[in-house]
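K.L.:
This is the structure I have questions about; it appears just below.
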Amino acid sequence: MSDLSAPINSERQQDTSRSRSRWWSRPARATVEPLVASPDAASDDGSAAAGKAVRPGLTVGKVFALSSQERPVLLLAVLLRLGSEGCSFASPLILATAYDAVVESYGHEERGDATREVILRTFTWVLALHVAGQALGFLSGFATGLSGERVVSRLRRRLYEHLLRQEMGFFDAQKSGDLVSRLGSDTLLLQQATTSSLNDFFIGLVKVVGGVTLMFIVSWQMTLIAFLSLLGWLVLVCLPGMRLVSRLTKQYQAALARASVASTESLGMMRTVRCFAAETLEVGRYQDCIGAPTGREWWPSAGDTTYRHGAFKSAAGTALTSSGFAVIFGALQVSVGVGFWLITYGQLQFGKLTAFQSYQMQIVMGIGQLASSAMSLGQAIGGATKIFQLLDREPRLPTGGGQSPAEPMRGEIAFEGVVFAFPTAEDVPVLRGFTLSVKAESTVALVGSSGCGKSTTLSLLLRFYDPQRGAITIDGHGVGDLDQVWLRSQMALVQQAISPSLPISPHLSPVAAAPDGAGAVGSAPSWRGVNHARVVLAGARGAAPRHTPSAAGE
């Protein structure tokens with residue numbers, strides 16, 4: 001058997017030594033590095049260092065294609081919402097007849113009965129339209145919400161399934177907290193954008209266009225004032241504001257992902273953190289990602305933190321919404337003054353003026369919906385960039401195909417001149433010209449110092465990675481020529497680390513749920529030794545407690 005205890009690359013040893021000395025000499029509250037050194041995480045657009053990344057430009061159509069299966073329901077929701085808004089648009093014109101009847105009958109008592117009849121009929125219609133509009137709005141909101149849940153469920157499953165198909169080199173370069181952030185907060189942004197925000201944006205646009213049209217019918221002079229104000233806001237404020245919010249959202253989500261990585265790493269290695277009394281350092285590392293607002297400093301200081309990016313994002317979003325209200329309400333005041341001026345010349349009725357004001361309020365609400373949904377859409381585009389980078393990424397190692405021999409594996413293993421370095425550190429070879437031959441039905445122990453390549457050898461045998469040079473065969477078949485699922489179903493790997501929060505049975509029998517009982521513990525004599533090894537490793541020999549604190553030899 002080849003000696004695995006050869007010294008590892010001296011340069012890596014020196015780098016590790018320097019890293020430790022810097023860690024201990026660093027002041028307690030300086031900008032800190034991770035407690036446990038890890039390969040530099042690739043940037044979001046450079047994570048394909050360990051694989052192939054297909055990165056076409058992200059388009060709005062590509063984002064909205066996520067909800068393509070829900071389009072019939074979303075279309076129904078839009079139609080229901082249009083009916084609801086139509087009821088709202090009809091009410092002011094109906095109310096105008098009541099206003100005009102009251103004004104015309106003022107001082108004419110003989111018209112009292114006729115006026116009251118008009119008022120009763122008018123408000124009966126208005127109340128009926130109000131009830132119908134609310135019912136249609138409820139149905140529309142329910143359909144939209146249900147569609148959103150369906151979209152995000154499919155997206156999360158698709159993303160999670162795609163992540164699990166990536167090769168191990170991808171996970172070496174990524175942090176689990178970053179990936180969890182993509183599955184959680186980023187997918188939620190896309191859910192809102194592709195369903196409710198899109199619906200609100202369309203309805204807001206309908207409110208604005210419909211309101212302007214009806215206002216033009218009532219009075220073109222007053223409408224011209226409102227229309228020019230609205231057009232100026234859309235061109236000068238809304239469109240640039242959406243681009244700004246999208247850019248700020250990308251920065252915010254990236255900082256949030258780094259914070260998730262920092263917290264996940266620390267909480268996942270709590271024994272190590274506690275052993276070195278590094279709680280303060282880990283809190284500082286987390287704070288470097290989220291920021292440290294104090295009572296005296298309201299404006300965020302310089303730094304790539306969630307607090308700073310969130311503050312700018314909040315300011316941009318608030319400015320986008322507030323500017324819309326400011327423009328519309330300013331135009332409202334001016335147009336009302338013009339309306340009273342037209343009444344004095346007999347060019348406008350009082351009922352039409354009240355209807356015009358109602359439509360202006362409809363437009364104000366439409367502007368609010370446009371601004372809110374525009375900000376949500378901008379945030380979604382920012383979050384979608386990272387998600388589609390992951391979805392478009394092609395794994396370096398294929399997950400399917402290859403040979404599946406009919407005969408069971410005998411276990412004759414051969415490594416011939418294997419040279420291997422991890423994808424995240426290709427300049428640091430772990431195995432150099434490694435050769436090993438293992439006969440079938442034999443027991444072999446790989447002995448060597450920590451980091452010399454024992455676990456790496458098993459990873460190559462399971463084809464978690466492909467070597468740069470050399471060949472690995474099992475029963476004469478090249479590992480790279482075999483179907484990965486078949487290959488791993490013929491092996492049993494007894495993990496040393498276990499989860500203290502889970503019952504012991506999943507650790508002892510992880511293959512018990514295999515189809516048709518294939519590979520189940522106890523289903524064949526060859527599995528008895530595997531089961532015995534699991535029990536001994538878990539420290540549960542002779543007993544089966546519900547939980548076990550840690551694995552022996554941890």
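K.L.:
What number goes with the only condition from (1) touching a His at 6+ places or on another chain (Cβ under 9 Å); (2) without any contact (Cβ under 8 Å) to a residue 12 or more places away in the chain that M270 does not pass?
P.N.:
(1)
K.L.:
Is one or more of the residues making up the range 369-387 closer than 30 Å to E104 by Cα, assigned to a helix (DSSP H, G or I), touching a residue at least 60 places away in the same chain (Cβ under 8 Å) and not hydrophobic (A, V, I, L, M, F, W, C)? Spell out the reasoning first.
P.N.:
If we filter the range 369-387 for residues that are closer than 30 Å to E104 by Cα, which is where we start, we get none.
There is no residue in the range 369-387 that is closer than 30 Å to E104 by Cα, assigned to a helix (DSSP H, G or I), touching a residue at least 60 places away in the same chain (Cβ under 8 Å) and not hydrophobic (A, V, I, L, M, F, W, C).
K.L.:
What number of residues within the range 302-351 are under 30 Å from R258 (Cβ atoms) and among the aliphatic types (A, V, I, L, M)? Spell out the reasoning first.
P.N.:
Of all residues in the range 302-351, those under 30 Å from R258 (Cβ atoms) come to 302-321.
Right, trim to among the aliphatic types (A, V, I, L, M) and you get 302, 311, 315-316, 319-320.
Within the range 302-351, residues that are under 30 Å from R258 (Cβ atoms) and among the aliphatic types (A, V, I, L, M) number 6.
K.L.:
Of the conditions (1) within 44 Å of the chain's Cα centre (by Cα); (2) in a loop (DSSP other than H, G, I, E, B), S442 fails just one. Which one is it?
P.N.:
(1) is the only condition that S442 fails.
K.L.:
Here is a list of conditions, (1) in contact (Cβ under 8 Å) with a residue 40 or more places away in the chain; (2) in contact with a strand residue (DSSP E or B) (Cβ under 9 Å, 6 or more places away or on another chain); (3) farther than 30 Å from G61 by Cβ, and L431 meets all of them except one; can you say which number that is?
P.N.:
(1)
K.L.:
Within the range 247-351, which helices (runs of 4 or more DSSP H) (wholly inside it) include 2 or more residues that are modelled with pLDDT of 85 or more, surrounded by 17 or more Cβ atoms within 10 Å (Cβ to Cβ) and in the same structural domain as L236 (by TED's automatic domain parsing)? Walk me through it before giving the result.
P.N.:
Values: elements: 270-275, 279-290, 306-344.
Once the helices (runs of 4 or more DSSP H) in the range 247-351 are filtered for at least 2 residues that are modelled with pLDDT of 85 or more, surrounded by 17 or more Cβ atoms within 10 Å (Cβ to Cβ) and in the same structural domain as L236 (by TED's automatic domain parsing), what remains is 279-290, 306-344.
The values are calculated or read from the model by the stated rules, or taken from the named source; none is laboratory data. Computed from a predicted model, the values in this text were never measured in an experiment. Here the Cβ is made from the backbone with ideal geometry for all residues, glycine too, and neighbour counts use every protein chain on show.
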